[in-house]
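Working notes, structure below.
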Amino acid sequence: MINIEAFIAMSLELDAGRYPSLPKFIDALRQLQSKAESDAPNEASVDASIDAVRILTVHGAKGLEAPLVVLMDTNHSDGKSDSTGILCDWPQDSSSPVHFSAFGRRDERGYARRDLFAMEEAFKEREDLNLLYVAITRAKQLCIISGIGDSRSNGAKAGSWYDRLSVKNAVIIDQDFSGQGHHVASVVDESTFSLALFMPVALPVETVPEHFTNAAIEEGVVLHALMERLSNRGIWPLPVPAQDVVARWLGCSQEQAGVACRQAQYLADNPVLERFFNARMFVHARNEMTIIAAGETLRCDRVVVFDDAVWVLDYKRHYLPSEELAYRTQLAQYRHAMQDIFPHKTIQAALITADGQLLEIETVG
C-alpha cells in the first residue's frame, strides 16, 4: 500500500504538476529505473559521511550539508530560450487547465498571450531563486561564490547568481530575539574577509609502500599479461622468450620486460607448479576468468580444472603478511563462486608469487 501511495504521489508531483503527460511520466520512471541505486529522485547519490571533496550539482546536493561549500560558475548566462513548445496555465486548485496552446518563435506569438508568457517568465525566475536558496544553504560555516567575468558587461552579468550575491547586493540581517522585533542591516565589506589557502604537507617518499607505487603496479600488469600468453599453449616448462621479444609483445619498456621475464622464469623452474600449466596434467584451464557472484564481479587470474578438483590461482608480486586477511577473504570469494559452477568438485585456491612460490592460504567465510 505504501508503494502504491508513493507511486501516485510521484505521478502528481512530477515537474510540480506542470505540463503533465503520460510520456513524460514514463520517461521519469525509466530514468529512475536506470538509477536504481539512488534512494529517491533529487536525493544525493553519495555517502554524506565521506571525508572528501564532493563535486555535485545543486539538485544532487539537496538534503546534504558541509562546513564549506563552493558554488562554481555562478556568473552564468541565461539558459537557451524555448523557440517552440506548449504554453499551459493550470492552477493548482483547478481540475483542468484554463489555457493550453502551442507557441513558436517570439516574433510570431502575438499579443493575446503576453500576460501568460510574463507569468511563465516570473515562474522561471522564482524557480531560479529557489535553486539558489538550496545552493547557499548547503553551507554550515562558509559559502564561497565563484564565477568567470562576463566580457560584454565587463564583470558580473546582470541577474546571475554572482550578481545577486555580490557585495553591492549582499546584506546581513541580525534579528534581535529580545522580543523587540528589531532588525539591523549592514552591508558586507569584502575587504575584511580573508581565507588562508590549504597547503597539504607532502608525504615523505618512504611512507608510500613500494608495492603501491605506479612502477610496482605496472610490473604486476606486465607479469599478468606475460603469464596469460605463455600459459595459453599448455607447454611445460613455460617457454619464456627473450626480453626484447616480451617488450615487443606487450608494448612495455625493456626494463619492465626484463623483470617480467625473470619472474616468469622463477615459475617455470618450480616443478610444483607443473600440474597447473602442463596441459597433459589437467582437463581444462582458463586465464582471466570473470565470474559474477552476488552482484560482484570477480576476475580469476587462472582457473585449472582437474577430474576431481578445481584450482583458482591468483598471481601476486609479493606475499605481504600484513595483508593475509585480505588474501584469505579474496580466495574465499573465489571458492564460493566456483562451488556454484562446479558443485561436484573440490574447490582449492592459492597464490602464486613472482618468486615462484605456491601458497595455499586457509580461507575465511
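For segment 283-365, what log10 I(q)/I(0) values come out of the Debye formula at q = 0.13, 0.15 1/Å, with one point per alpha carbon and no solvent?
Log10 I(q)/I(0), no solvent term: -0.38, -0.50.
Could you tally the net charge around HIS99, taking each other residue with its Cβ under 12 Å from the Cβ of HIS99, Lys/Arg +1 and Asp/Glu -1?
-2
If you bin the C-alpha pair distances of segment 260-321 every 10 Å from 0, what whole percents do you get?
Reading upward from the zero bin: 18, 45, 31, 6.
Give me the distance between the Cα centres of segment 249-325 and segment 101-166, rounded to whole Å.
60
Just how much of LYS140 is accessible, in Å², when a 1.4 Å probe is used and the result is rounded to the nearest 10?
Answer for LYS140: close to 130 Å² accessible.
Just how much of CYS261 is accessible, in Å², when a 1.4 Å probe is used and the result is rounded to the nearest 10?
Number for this one is 20 Å².
Sort TYR133, TYR111 by heavy-atom solvent-accessible area, probe 1.4 angstrom, most to least.
Per-residue accessible area, sorted high to low, gives TYR111, TYR133.
How much accessible surface does PHE117 have with a 1.4 Å probe, in Å² rounded to 10?
Ignoring ligands and nucleic acids, PHE117 comes out at about 40 Å².
Which order do GLU228, GLU360 take when ranked by solvent-accessible area (1.4 Å probe, heavy atoms of all protein chains), largest first?
Final ranking, largest accessible area leading: GLU360, GLU228.
Give me the 1.4 Å probe accessible area per residue for segment 279-351, excluding ligands and nucleic acids, in Å².
About 55 Å² of surface per residue is accessible.
Once the other residues with Cβ under 13 Å from the Cβ of ALA293 are scored (Lys, Arg +1; Asp, Glu -1), what is the net sum?
0
Taking a 1.4 Å probe, which of SER95, SER231, SER146 shows the most accessible area, and what order do the others take after it?
Ranking SER95, SER231, SER146 by accessible area, largest first, yields SER95, SER146, SER231.
The values are calculated or read from the model by the stated rules, or taken from the named source; none is laboratory data. Keep in mind the model is a prediction, meaning the values are calculated, not measured. Reconstructed Cβ throughout: ideal geometry from the backbone, glycine too, with neighbour counts over all protein chains shown. Only protein heavy atoms, including side chains, enter the accessible area calculation; ligands, DNA and RNA are left aside. Shrake-Rupley method; radii C 1.70, N 1.55, O 1.52, S 1.80 Å.
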